[in-house]
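See structure below.
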Amino acid sequence: MIPYGKQSIDQNDIDSVVKVLKSDFLTQGPMVPLFEGAIAEKVGVNHAVAVNSATSALHLACLALNVGKGDIVWTSPITFVASANCALYCDASIDFIDIDPKTFNICLIKLEKKLQKAELDKKIPKVVIPVHLCGTSCDMEAIYQLSKRFGFHIIEDASHAIGGYYQGIPIGSCKYSDITIFSFHPVKIITTAEGGMAVTACSDLADKMILLRNHGITRDTEQMTHESDGPWYYQQISLGFNYRMTDIQAALGLSQLSRLDEFVEDRNKLATRYKIMLDSLPVSPQYIQKYNYSSFHLYVIRIELNKTHLTYREIFERLRAKGIGVNVHYIPIHTQPFYKTKGFKKGDFPSAEAYYENAMSLPIFHYMSQEQQNKVVKTLQDILG
Ligand SMILES: *Cc1c(COP(=O)(O)O)cnc(C)c1O
C-alpha cells in the first residue's frame with residue numbers, strides 16, 4: 001500500500017535521539033529550548049513553546065487568550081476535531097465558518113457576513129482559528145483586518161503548514177495572528193513522534209503558555225506572591241497541566257527541522273507533477289493563490305462525480321484495493337455525533353458537506369518516488385476512465 005503520508009527518518013535523526021538517551025536528561029533538559037529556539041528562528045518569531053501535541057498547543061493558546069465560559073470560538077468545519085475541541089476544553093462554545101469550495105479553507109465572504117450578524121447579536125467570537133488546510137495558508141491579512149474591525153483574536157492552526165509561506169513570509173511569523181500552532185505527529189511535515197509547538201510574537205502570551213504547560217508552577221521569583229522560601233522553592237500560581245515535550249522528542253524535532261526545506265521542496269515537486277498529470281482527469285486539486293507557497297502536507301483532489309458512473313465510496317474502495325492508500329480529510333466536524341449533541345446538524349455548512357462528498361487525499365510524502373506517483377495517477381485514471 002502506498003500510504004497517504006509517512007515520516008522520513010534518517011540516520012541523523014536516530015543518532016540525535018540515541019545521544020539524548022545516553023545523556024543526563026530525558027526531559028526538562030537542554031534539547032527542548034534548543035528546538036524552540038530553532039523553530040522560532042526558522043519561522044521568524046520571538047517565542048516558541050514546545051508541548052506534547054498540537055492539541056495541547058491549541059488548548060494552551062485558547063487559555064492564554066483567556067477563552068472561558070461564555071466565550072465563543074469559531075473555526076473551520078473541515079479540519080481535525082482538535083481545532084474545535086480546544087474551545088470546549090475551556091468551557092467556551094464553538095461555531096464554524098463554512099469553507100470556500102476551491103481553497104478548502106474558511107470562506108472569507110462567509111466569515112465577514114457571519115461577523116456582521118454576530119455584531120448585531122452581540123455574539124462576536126473571542127477567537128477565530130483559521131486552519132491552513134493541506135499546508136496552504138488562509139488569507140491571513142484579510143482575516144487580520146476583520147479581527148481589527150470586529151475585535152477578535154486569531155490562533156492559526158498551522159498543524160499542516162510548517163515550511164509553508166504566506167506573502168513570502170514563513171507561516172508561523174504571527175504577523176497576522178496572536179498565536180500559531182504546529183503539529184509534529186508523524187504524518188505531518190516534520191515529526192517528534194507526538195509533539196506540537198505554539199509560537200507567538202507576544203511575550204505575555206508565551207509566558208502564560210509556559211506556565212500552563214507545567215502545572216501552573218513557577219520558579220521565577222518575580223511571578224511569586226511572596227519572597228522565595230529558599231533555593232528549592234516553587235509556587236503553583238494557576239491550574240496548569242503536564243503538556244511538556246521530552247528532550248528525546250525535541251532532539252528528533254531539531255534533527256528533522258534541518259531537513260524541513262528539503263521536505264517541503266520535495267512535496268512541492270510532487271504536487272506540481274500531480275497537477276500536470278491529473279489535468280486530463282475529472283478531478284480538481286486545491287486552488288493555491290499566488291501569495292501562497294504550500295507545504296503540501298496533504299494533496300486533496302475533488303472528484304467530479306457527475307463525470308463518472310461510480311460512487312465516491314466505490315472510487316475510494318477500488319483505489320485502496322489497488323494499493324493506493326487514499327484517505328479523507330476531513331469529515332465535517334459539525335456532523336460528528338458529539339457535535340450534534342451541541343446542536344449542530346446536517347445542512348448547517350453546505351460547502352463543507354459537499355466537500356465531504358467528493359474530496360480525497362492522494363498519497364504525498366517526502367521520499368515518494370515518481371514510479372509510486374505514476375502508479376497513483378494510472379490507477380485513478382483506470383478507475384475514473
Ligand atoms: C494533526 C492536527 C491537529 C492535532 O495535532 P496533534 O499533534 O496530533 O495533537 C490539530 N489540527 C489539525 C488541523 C491537525 O491536522
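The values are calculated or read from the model by the stated rules, or taken from the named source; none is laboratory data. These numbers were taken from a predicted model, which means no experiment stands behind them. In this analysis, Cβ positions are derived from the backbone assuming ideal geometry, glycine residues included, and neighbour counts consider all displayed protein chains. Surface accessibility is based on the protein's heavy atoms, side chains included, excluding ligands, DNA and RNA. Shrake-Rupley method; radii C 1.70, N 1.55, O 1.52, S 1.80 Å.
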Put a dot 7 Å past each Cα toward the Cβ at Leu310 and Tyr367; how far apart are the dots in nm? 3.0
Share of accessible surface on carbon and sulfur in the chain, whole %, 1.4 Å probe and ligands ignored, is 53
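Can you sort Arg219, Arg213, Arg267, Arg320 by solvent-accessible area, 1.4 Å probe, largest first?
Heavy-atom accessible area, descending, gives Arg219, Arg320, Arg213, Arg267.
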Listed pairs Lys269/Lys346; Lys188/Lys322; Lys42/Lys275; Lys6/Lys42; Lys123/Lys175 exceeding 32 Å between Cα atoms: Lys269/Lys346
Send over the semi-axes of segment 11-256's equivalent ellipsoid, whole angstrom and largest first, taken as the square roots of 5 times the C-alpha gyration tensor eigenvalues. 31, 23, 14
Considering only the chain, percent of DSSP beta bridges that pair antiparallel, nearest 5: 65
From the C-alpha gyration tensor of segment 31-137, square roots of 5λ in Å: 27, 18, 12
Dividing the helical contributions, -39500 (n - 2.57) per DSSP H run of n ≥ 4, by the residues of the chain yields a 222 nm value, nearest 500 deg cm²/dmol, of -11500 deg cm²/dmol
For segment 11-256, the per residue accessible area (1.4 Å probe, Å²) is 42
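Can you give me the relative contact order of segment 261-362 as a percent, contacts being Cα pairs under 8 Å and 6 or more apart?
Numbers: 95 pairs, mean separation 29.7, N = 102.
Relative contact order of segment 261-362: 29 percent.
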Stretched fully, the stretch from Glu357 through Met1 gains (0.36 nm per residue minus C-alpha distance, one decimal, in nm) 125.8 nm
Whole-Hz ³J(HN,Hα) for each residue in segment 47-53, computed from phi via Karplus 6.51 cos²θ - 1.76 cosθ + 1.60 with θ = phi - 60°, x for glycine and proline: what do you get? 10, 9, 10, 7, 9, 7, 6
Sort Lys346, Lys378 from largest to smallest accessible area, using a 1.4 Å probe on the heavy atoms of the protein chains. Lys346, Lys378
If I stretch the segment between Thr221 and Asn242 completely, what's the gain in nm (0.36 nm per residue apart, minus their alpha carbon distance), one decimal? 5.4 nm
Percentage relative contact order, segment 101-175, counting C-alpha pairs under 8 Å, at least six apart: 30
With a Förster distance of 22 angstrom and the Cβ-Cβ distance between Lys375 and Glu265, calculated FRET efficiency to the nearest 0.05 equals 0.50
